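Let me begin by presenting the structure, written as structure tokens, before commenting on it.
The values are calculated or read from the model by the stated rules, or taken from the named source; none is laboratory data. It should be emphasised that the depicted structure is a prediction, and the values quoted were computed from it without experimental measurement. Here the Cβ is made from the backbone with ideal geometry for all residues, glycine too, and neighbour counts use every protein chain on show.
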Amino acid sequence: MRWALASQGEGNPFEPVGFWIDTSWKRIRKDLAKRLDYARLRVLFSDGEGGIAENLLSSRMRHQRCLWHGKHDFPYILYADGLKKPDQKPFVDQLKAIAAMSMRKTQLENLKPQDRDHVRKLAQQTEQGFEELLKALEPYPKARAYIENLVKPVTTFLRWWLQHGQALPLTTNAIESHFSQVCNRVKRIGRRWSDRGLVNWLTVCFYKIFKPELWRLQWQNAPRKLVKIRLRSVEATYQWSVAIT
């Protein structure tokens, strides 16, 4: 299952704009272009999954990679280069120590216009930190390529703040917290449903989770012609519980 959320800008919540089952990102882009004013979109947030930026990013948009996923996925790439966990640690620690990668949401949101010099310094330190990491990763081509592709999108928030004075989300946590609510339900019932049935169920689920006010309104305005339920059998069991003292 894949889904997308959108926001009107800083200070506005992210709201679902679509969800899809067994659908390519290329097809999702076409669908979103029909639903949204795509020319107005300025920043694409993603967890770094392959195909997202390649298909959803337009020439007017910038890409902000999730900092958490950027750090979380790195050990798997190092393992692909043959490094076991103890040997991964120096590189993992080096990535975490880079200025931008240790930035917190509250730190970014509390920045003031007079902090511009400080942010420029952070950007310089970040660039230097990535250069040093890339040099250390020269013997490991997969990990080096991963960091090369990570550098620009994971630091978009610094350039955006310097240009616009606005704080971008640093992670996709806000999206994934809602996503987990839906996934937990899908894991319980998804195998028993067809794709069409699952989409219909997800529609109800999304209204219930993300738009409770519309959910309540729907039930308030719905006709009261509910199907009567006829009980064919009732089974009851009991068990004695004796406490011994």
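Filter the stretch 112-124 down to residues that are within 20 Å of Trp68 (Cα to Cα) and loosely packed, with under 14 Cβ neighbours inside 10 Å, then give me how many there are. Residues that pass the stated criteria total 0.
Candidates Ala143, Ala123: the one that is modelled with pLDDT of 95 or more, closer than 30 Å to Asp87 by Cβ, among the small types (Gly, Ala, Ser) and in a helix (DSSP H, G or I) is Ala143. Within the stretch 25-47, the set of residues being in contact with a strand residue (DSSP E or B) (Cβ under 9 Å, 6 or more places away or on another chain) and without any contact (Cβ under 8 Å) to a residue 60 or more places away in the chain comprises Trp25, Arg27, Ile28, Asp31, Leu32, Arg35, Leu36, Leu41, Arg42, Leu44.
Scanning the stretch 1-60 for residues that are in a loop (DSSP other than H, G, I, E, B) and more than 20 Å from Pro169 (Cβ to Cβ) yields Met1, Ile21, Asp22, Thr23, Ser24, Asp37, Gly50, Gly51, Ser59.
In summary, Phe91 fulfils each of the numbered conditions (1) surrounded by fewer than 17 Cβ atoms within 10 Å (Cβ to Cβ); (2) touching a residue at least 40 places away in the same chain (Cβ under 8 Å) with the single exception of condition (1).
Being among the aliphatic types (A, V, I, L, M), under 16 Å from the mean Cα position of the chain (by Cα) and surrounded by fewer than 18 Cβ atoms within 10 Å (Cβ to Cβ) is true for just one of Ala97, Ala33, Ala53. Which residue is that?
Matching residue, one of Ala97, Ala33, Ala53: Ala53.
When the stretch 48-71 is filtered for residues that are on the phi > 0 side of the Ramachandran plot and in contact with a strand residue (DSSP E or B) (Cβ under 6 Å, 6 or more places away or on another chain), only Gly48 remains. If you filter the stretch 126-160 down to residues that are touching a strand residue (DSSP E or B) at 6+ places or on another chain (Cβ under 9 Å) and of a type in the set (A, V, I, L, M, F, W, C), you find that the one that is surrounded by the most Cβ atoms within 10 Å (Cβ to Cβ) is Val154.
If the condition is being without any contact (Cβ under 8 Å) to a residue 40 or more places away in the chain, over 15 Å from Asp93 (Cα atoms) and within 26 Å of the chain's Cα centre (by Cα), then the stretch 111-134 contributes Leu122, Ala123, Glu127.
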